[in-house]
Every structure is written in structure tokens, then in C-alpha cells.
Amino acid sequence: MIQSEHATSVVHWHQGQATLNLSMQRIRSWSHAHDLGRQLSNLLEDNEVRVLRVDLRSIDRISSETLAQLSRVHCRASQMGKLLILENVTEPVAQVLRVTRLDRLFGLLDGAS
């Protein structure tokens, strides 16, 4: 397993899977949401990554821009034959995903799905 730091997120690599652990500060602003989208897109470009997991355990609020970035990355991953999974989703974020019906788009693991 390899870990690399990017701002306030950590990427764990293991057997074709990359897991991005986010901290609360990571997605509070519009620019952070765009940084997140860029980082996820860059991870998708790695030929060894087949599954991209986003760990949301420390996120209790999510912006519309972050949802848009995650949706874009999900669509791109699908086009590339890869999978984007949101894991450890907190109940407040799960509620937003359910209200916006994005829970149907993303694979949700653990937490309040």
C-alpha cells in the first residue's frame, strides 16, 4: 500500500484501487471542489486504477459544486469502464444524496446509505 498527501486528503493505493480520504476542510469551498474534481480525474487517468473510492467519513456537509464534481467524475469513470464508490457516507450527506437522487448514481458503502 502506498500513501501520498495532496492538500488535506490522503490517497491509499492497493491492488488496482485508489481510496481518497477527505477531511472536512477539503471540500468547503468552490475552489476545493474543483481541486477535488481535478485530483479524482487525475487518479482515473492512472491505468492501474480500476476502482476509485472516496471516503467521506469526516464530511458532514457537501456543497452542490462538490456533488457536481463527483457526478462528472462518476460519468467519466463509467465511460472508462471504471468504478467510483462513495464510502463511509455520513447520514447528513446520505440525506442530501437521497433528496437529489444521486444515491442511485453512486455506489455507497458503509455508513448511512
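Computed from the coordinates by the stated procedures, all read-outs in this text should not be read as laboratory data. This is a predicted model, so every value here is computed, not measured. Glycine gets a Cβ as well: all are built from the backbone with ideal geometry, and neighbour counts include every protein chain shown.
Numbers for the structure displayed
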| item | result |
| --- | --- |
| Charge tally in the Cβ shell below 15 Å around Gly16, where Lys, Arg are +1 and Asp, Glu are -1, Gly16 excluded | 0 |
| Charge tally in the Cβ shell below 13 Å around Arg98, where Lys, Arg are +1 and Asp, Glu are -1, Arg98 excluded | 0 |
| Approximate spin-label separation Asp60-Met80, in nm, with each point projected 7 Å along Cα-to-Cβ | 3.3 nm |
| Amide H contacts under 5 Å for Val54, placed H, 5+ residues apart | Leu20, Ile85, Leu86, Glu87 |
